[in-house]
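> Pasting in a structure now, in C-alpha cells, and then I'll have a few things to ask.
Computed from the coordinates by the stated procedures, all read-outs in this text should not be read as laboratory data. Bear in mind that the values here come from a model prediction, so they are computed numbers and not experimental data. Positions of Cβ are backbone-derived with ideal geometry, glycine not excepted, and every protein chain shown enters the neighbour counts.
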Amino acid sequence: MTEAANPRRPRRGTYRPKPETQALLKVSGNPINGLGETSRRQASPFFWHPADQHPFGELQLVARVSSRKCPGSTEAFSKAYEYPELVTLAETKNMAAPELLSAQMMAFAREHEADGVGIAAMDPLYVFEGYSIADPWVIVLAVAHNYERLKEVPSDETNGVGVSDVGDQYARGTRSSYALANWIRGQGYNASPYPGPMASALLLIPPAITCGLGELGKHGSLISREFGAGVRLAGVTTDMPLVATKPDRFGADEFCMTCQVCTRACPPAAIGDTKQMVRGVERWYVDFDKCIPFFAEAASCGICIAECPWTRPDARPKLLATMAKRLSSDSAKKDAERLVEA
C-alpha cells in the first residue's frame, strides 16, 4: 500500500456500478472522445460541459447529488462558481515589450493564488468543437492540492475532506483566473478567464503541457514537476503580446510506461497499461465508460492523482533525480548512435 492509500477505497476490479447508474450511460463516451481515431480534430464537448451538449447530463446529476452528501463539499464547490465581474478594458494600452509584459503577468498571477503559470500560443485544437476563441495567447494557471487532504478522496457522508479540497482548489482557480483577466484588461488588452470545474471553450491540459507546466500521466491528468498530479488548472486567453514558455520534459511520461500504481489503484479498472490513438495522437487514455459511473457514485474521485508517486512530496525529488539520470543517459546513447550512423 502506498503512503497515499486510503483504506476506505475499493481496490482495482472490486467496483461494480449500481444498475441504475449504469443505465444512465446510454451511449459510450469513448467514441465521443475520439478513441481510435487516426486524424487530428477538435475535442467534442464532454461530461463537464452543459448537459445539452452531450448525452451524460443525468450522470452529471448523480455526481452533484452524491457530492452534496460529503460534509463541507457544497460550500467548497459553491465558491468555485462565485465569478467576479470583468472590468472594462483600459483605454490606454501598456505598450511594454512582450518580454516585460510576460514577466509582469506571471508575477501578478503568482501573487494571486497561482502556484504555477505558463504561456502558449493559441492552437485551434485547444478549443472545443462548436466554440471559438479569437485571442492568440493562452495562459494556464496551476493551483496545487493540499496533499494531506487529497489523500482522503473519495469522500463519504462522514468525511468530506477530499472532495472539499477539490472544490477549494477549483475556487482558487476561479479567483486567480478572474484576477489575472482583470489585471490584463486593466493594461488595455482583452482577456477571458476559463476556470473549472465546468468546461467551456478551452481545453486546459494540452496548452498546459505545451507551456511547460507538466507532462500527461497514465491517469490522464497533468503531472507537474513541482506538485506531481495534485494540481488543478484554470486558463486565461488574451491578445496581450506575450512570449511563450517552453515545454518541460522531466521523465514523467517515461516513468508511466512501467509504473502500475494508478492502474492498480483504480477501482473501476479504467486506466490501461498502454497508450492509445486518440484524435490522431498516441497518448495515455482513461476509459470513460468505466471511470464516469464510479466518479458519479463516489462524488468525485481523484484516487489516481492521490496515489500517483509523483504527487508524494517525499518521493518526488527522488523521482526527478532518477529520471534526470535516465533521460541524460538516453540522450547520450542517441547522440552516440547518430555519430555512428554519420
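> Would you order Leu233, Leu141, Leu320 from fewest to most other beta-carbon atoms within 10 Å of each residue's own beta-carbon?
Values: Leu233 27, Leu141 32, Leu320 16.
With the sparsest Cβ surroundings first, the list reads Leu320, Leu233, Leu141.
> Okay, moving on. Do any of Lys26/Lys290; Lys218/Lys275; Lys26/Lys275; Lys218/Lys290; Lys18/Lys275 go past 19 Å between their Cα atoms, and which?
Working: Lys26/Lys290 13 Å; Lys218/Lys275 8 Å; Lys26/Lys275 26 Å; Lys218/Lys290 15 Å; Lys18/Lys275 29 Å.
Check vs 19 Å cut-off fails for Lys26/Lys275; Lys18/Lys275.
> Shifting gears a bit: How much mean residue ellipticity at 222 nm does the chain get from its helices, if each DSSP H run of length 4 or more adds -39500 (n - 2.57) and you divide by all residues, to the nearest 500 deg cm²/dmol? If you can, show how the numbers build up before the last one.
Details: 13 runs with 131 residues, N = 342.
Counting only the DSSP helices, I get -11500 deg cm²/dmol.
> Counting only residues 5 or more places away or on other chains, whose amide H sits under 5 Å from the amide H of Tyr189 once H atoms are built in the peptide plane?
Counting only residues 5 or more places away or on other chains, the set is Ala90.
> Once you put a point 7 Å from the Cα of Arg326 and another 7 Å from the Cα of Glu226, both along the Cβ direction, what distance in nm separates them?
Placing both labels 7 Å beyond Cα along the Cβ direction yields 2.4 nm.
> Next question, about the same structure. Could you please state, rounded to a whole Å, how far the C-alpha centre of the range 201-223 is from the C-alpha centre of the range 227-278?
Cα centres, the range 201-223 to the range 227-278: 5 Å.
> Using a simple charge model, +1 on the beta-carbon of Lys and Arg, -1 on the beta-carbon of Asp and Glu, nothing else, what dipole does the range 29-311 show about its Cα centre, in debye to the nearest 20? Don't jump to the answer; show the numbers that get you there.
Numbers: 23 positive and 32 negative charges, 42 e Å.
Magnitude of the dipole: close to 200 debye.
> Tell me which residues come under 5 Å, amide H to amide H, from Gly230 once H is placed; ignore anything under 5 positions away on its chain.
Here the answer is Ser224, since their amide H atoms fall under 5 Å of that of Gly230.
> Determine ³J(HN,Hα), in whole Hz, for all residues of the range 267-282 in sequence, where each value follows from phi through the Karplus function 6.51 cos²θ - 1.76 cosθ + 1.60 and θ = phi - 60°; x replaces Gly and Pro.
With the stated coefficients, the range 267-282 comes to x, x, 6, 8, 9, x, 8, 10, 6, 9, 7, 9, 6, x, 10, 7 Hz.
> Another question about this same structure. Quick one: order Ile205, Ile119 by neighbouring beta-carbon count within 10 Å, fewest to most.
Details: Ile205 17, Ile119 24.
So the ranking, lowest neighbour count to highest, is Ile205, Ile119.
> Still on this structure, I have one more. Counting other Cβ atoms within 10 Å, which chymotrypsin sites (Phe, Trp or Tyr not before Pro) in the range 51-85 have at most 15 and lie in a DSSP loop?
Working: sites: Phe56, Phe77, Tyr81; in loops: Phe56, Tyr81.
Passing sites in the range 51-85 are Tyr81.
> Further question: Testing the spin-label approximation: label points 7 Å from Cα along Cα→Cβ at Lys275 and Ser78. State their distance in nm.
Output for this residue pair reads 4.5 nm.
> For a quick check of your reading of the filter: which GluC sites (Glu not before Pro) in the range 213-254 sit in a DSSP loop and have no more than 16 other Cβ atoms within 10 Å? Mind showing how you got there, number by number?
Values: sites: Glu215, Glu226, Glu254; in loops: Glu226.
Here the sparse-neighbourhood loop sites are Glu226.
> Sticking with this structure for a sec: Based on the inverse mean of 1/r over its pairs of different Cα atoms, what is the Kirkwood hydrodynamic radius of the chain, in Å?
On the way: mean 1/r = 0.0477 Å⁻¹.
When all Cα pairs of the chain are included, the Kirkwood radius is 21.0 Å.
> From the square roots a ≥ b ≥ c of the eigenvalues of the alpha-carbon gyration tensor of the range 167-260, which class results: rounded (a/c under 1.5), prolate (a/b over b/c), or oblate? Each step should come with its number before you reach the end.
On the way: a/c = 2.69, a/b = 1.74, b/c = 1.55.
Because a/c hits 1.5 or more and a/b exceeds b/c, the range 167-260 counts as prolate.
> Okay, moving on. Would you please give the residues with an amide H less than 5 Å from that of Gly212, counting only those at least 5 places away or on a separate chain, with H modeled from the backbone geometry?
Asp248
> Under 10 Å, Cα contacts only: if you run a Gaussian network model on the chain, which one of Gln276, Gln104, Gln260 comes out with the highest mean-square fluctuation?
Gln104
> What does the C-alpha gyration tensor say about the overall shape of the range 185-342? Classify as rounded when a/c is under 1.5, otherwise prolate if a/b is larger than b/c, or oblate.
Values: a/c = 1.80, a/b = 1.11, b/c = 1.63.
Oblate is the answer for the range 185-342, as a/c is 1.5 or above yet b/c matches or exceeds a/b.
> Apply the Karplus curve 6.51 cos²θ - 1.76 cosθ + 1.60, θ = phi - 60°, to the phi angles in the range 302-307 and return the couplings in whole Hz, x for Gly and Pro.
So the Karplus estimates, Gly and Pro as x, are x, 4, 5, 7, 6, 7 Hz.
> Please arrange Asp52, Asp289, Asp165 by counting, for each residue, the other beta carbons lying within 10 Å of its beta carbon, fewest first.
Values: Asp52 7, Asp289 16, Asp165 28.
Placing the least packed residue first, the sequence is Asp52, Asp289, Asp165.
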